[in-house]
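What follows is calculated from the coordinates using simple rules that are stated; it is not laboratory data. The shown structure was predicted, so the numbers you read here are calculated from the model rather than taken from an experiment. Because the Cβ atoms are built from the backbone with ideal geometry, glycine has one as well, and the counts that use them run over all protein chains shown.
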Amino acid sequence: MEGTSDRVLSGKLVHEDSYKRKNKEILIDDILKLDILDKDYVREVKISSKLTEPDKMQLYYYLFYLKNIGIYKKGSINYVKEKKVEIIELTPEIEDKIINTLIDIKRITCDNKPPKLNRLPYCTKCAYYEFCFVKEDDI
Ligand code: SF4
């Protein structure tokens with residue numbers, strides 16, 4: 001559904017516009033699509049810092065995955081709108097959080113029915129909004 005999201009599209013345009021001359025996305029094991037990989041950092045480009053927690057978890061997961069295949073990097077998130085860069089590093093606590101999140105994801109995907117739907121403040125901006133709320137909004 002991300003293919004039809006205006007927000008995802010504008011993110012792609014910002015990314016292409018900001019980095020088209022220097023960088024190419026890198027696909028690792030057909031799982032991770034890294035915006036930029038350099039000597040010390042995996043660098044992600046985001047339009048704005050409205051969803052910093054999910055942005056960080058995404059990048060922590062990339063760092064965690066890479067560490068498990070023997071590649072040690074730090075993370076950098078470039079927020080284009082705010083012209084701000086956030087540097088992150090894996091810690092044992094963060095690795096535990098990633099592992100617990102992966103266990104949670106596995107549990108949810110193995111359940112017979114989806115978890116109870118909660119409308120969150122950022123749902124209307126999400127690429128999956130129609131998937132989650134189409135029935136409710138049609139009534
Ligand atoms: S629209 Fe659905 S997938 Fe998106 S944040 Fe809300 S509940 Fe989550």
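General observations
- The range 24-48 versus the range 102-121: alpha-carbon centroid distance in Å: 27
- For ILE36, the residues whose amide H sits under 5 Å from its own are ARG43, ignoring neighbours fewer than 5 places away on the same chain, with H placed 1.01 Å from N.
- For the pair ILE108 and MET57, a Förster radius of 22 Å applied to the C-beta separation gives a FRET efficiency near 0.90, rounded to the nearest 0.05.
- Linear extension gain, ILE31 paired with GLU95, 0.36 nm per residue minus alpha-carbon span: 21.2 nm
- Here the Karplus relation 6.51 cos²θ - 1.76 cosθ + 1.60, evaluated at θ = phi - 60°, turns the backbone of the range 67-77 into coupling constants of 4, 6, 10, x, 10, 9, 9, 9, x, 9, 10 Hz, with x for every Gly and Pro.
- As a calculated quantity, the FRET efficiency between TYR41 and CYS123 at R0 = 35 Å, using C-beta atoms, amounts to about 0.65.
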